[in-house]
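Before any comments, here is the structure.
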Amino acid sequence: MIYLDYQATTPLAPEAFAAMEPWLKTGFANPHSAHAAGRAAAAAVEVARDQVAALLPKDGRVIFTSGATEAINLAIMGCGLPVSAAATEHAAVLDCVHARHGDVLPVSVTGALVKPFASGDGNEECRLFAVMLVNNEIGTIKPIAEIAAAVHAQGGLLLCDAVQAFGRMHIPNGPDMIAISAHKIHGPKGIGALWVRDGISLTPQMLGGGQEQGMRSGTLSPALCGGFGAAAKLAADRMEADAAHVATLWNHAMAAFSDWTINGSATARYKGNLNIRRDGVDAARLISECRNLAFSAGSACASGSGRPSHVLRAIGLTDAQAKSSIRLGFGRYTTVEEIDIAAQEINRAAEAML
């Protein structure tokens, strides 16, 4: 199996597994217990927190969660402000926005925001804006620092979903909250975090024992935290090398799929995400027929729904165009040879449909 679905999840790094293993075997103590074994587990959690925080702005704190979805819920539901979000945001954001009766902001054909903010004359209602750094379906990179400045000029706050960017590129200063996830950077599933700028107050959304700084009740897993921390440290150490490798893979993929049309921006884009379409192709059938490949038609969260991607619809694609689109995601452990083999198989299957 050639794996090309890095936006859905990434292979677990051996270094992350090695960091987790002791806490799954002998270091099983509750990190919230006062005895020596518990304190040792708590210390491992704090080491991991520091490793994750090293990739984020300095003037805030890291709150561990079960994943980015919980982090986003804590941010949007816990801040108590009216909320607006880009139409291309993840379902975790948009569903929270709908629950809060918030606004959805239009985007251009490349996924850029269209007139996202008010005039800044001081009369606008203070709001929380939710904007992705790197889109999970089309890879568009938004100018988060500029957006944050515009939001702050009108007295608002900015939540940045940085799930697809964290560990792959520098996270700009400016957001007031940042949601991240371990399994998108070769860490374990089941853990993420919300970075919260100093001075921002949130209402807890999970009540119980008051663990995790009083913001997220529930026993933390030292194993998951340790794996997250190790993956973050590895990402920091390898960021330039990983980016160069991804750029090489991108160039091969672009050449191999020259008959396809790229969805979203070809320049303001994370190059580990190639979302393309070809008229007359049935993406669902293509995925089924390419049995030795793992790729997708969009977000894993919406797979099997039968609905066209809300992201592709938001950038102006028709239902037919959206259903003729595929997403190839590649990264650290992908080889050039795998890109070439996958392209041959996908193109051969696509030609058979036309």
Looking at MET353, is it of a type outside the set (S, T, N, Q), at pLDDT 95 or above and surrounded by fewer than 23 Cβ atoms within 10 Å (Cβ to Cβ)?
no
Condition met for ASP259 (open to solvent by 30 Å² or more (accessible area, probe 1.4 Å) and either hydrophobic (A, V, I, L, M, F, W, C) or in contact with a Ser or Thr (Cβ under 7 Å, 6 or more places away or on another chain) (or both))
no
For LEU207, only one of the following conditions fails: (1) open to solvent by 40 Å² or more (accessible area, probe 1.4 Å); (2) in a loop (DSSP other than H, G, I, E, B); (3) hydrophobic (A, V, I, L, M, F, W, C); (4) touching a residue at least 60 places away in the same chain (Cβ under 8 Å). What is its number?
(4)
For segment 217-227, indicate whether the set of residues that are in a loop (DSSP other than H, G, I, E, B), open to solvent by 40 Å² or more (accessible area, probe 1.4 Å) and over 28 Å from ALA19 (Cβ atoms) is non-empty.
no
Tally of residues being crowded, with 17+ Cβ neighbours inside 10 Å and in a loop (DSSP other than H, G, I, E, B) across segment 185-201
5
Taking VAL246 as the residue in question, decide whether it is under 20 Å from the mean Cα position of the chain (by Cα) and over 30 Å from VAL336 (Cα atoms).
no
Quick one: in segment 236-252, of everything that is open to solvent by less than 70 Å² (accessible area, probe 1.4 Å) and either among the acidic types (Asp, Glu) or in contact with a strand residue (DSSP E or B) (Cβ under 8 Å, 6 or more places away or on another chain) (or both), which residue is farthest from ALA18 (Cα to Cα)?
TRP250
Inside segment 127-175, the number of residues satisfying the requirement of being more than 16 Å from the chain's Cα centre (by Cα), outside any strand (DSSP E or B) and crowded, with 24+ Cβ neighbours inside 10 Å is 1
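The values are calculated or read from the model by the stated rules, or taken from the named source; none is laboratory data. Just so we're clear, the structure is a prediction, and the values are computed from it rather than from any experiment. Reconstructed Cβ throughout: ideal geometry from the backbone, glycine too, with neighbour counts over all protein chains shown. These accessible areas exclude ligands, DNA and RNA; they are computed on the full protein's heavy atoms, side chains included. Shrake-Rupley method; radii C 1.70, N 1.55, O 1.52, S 1.80 Å.
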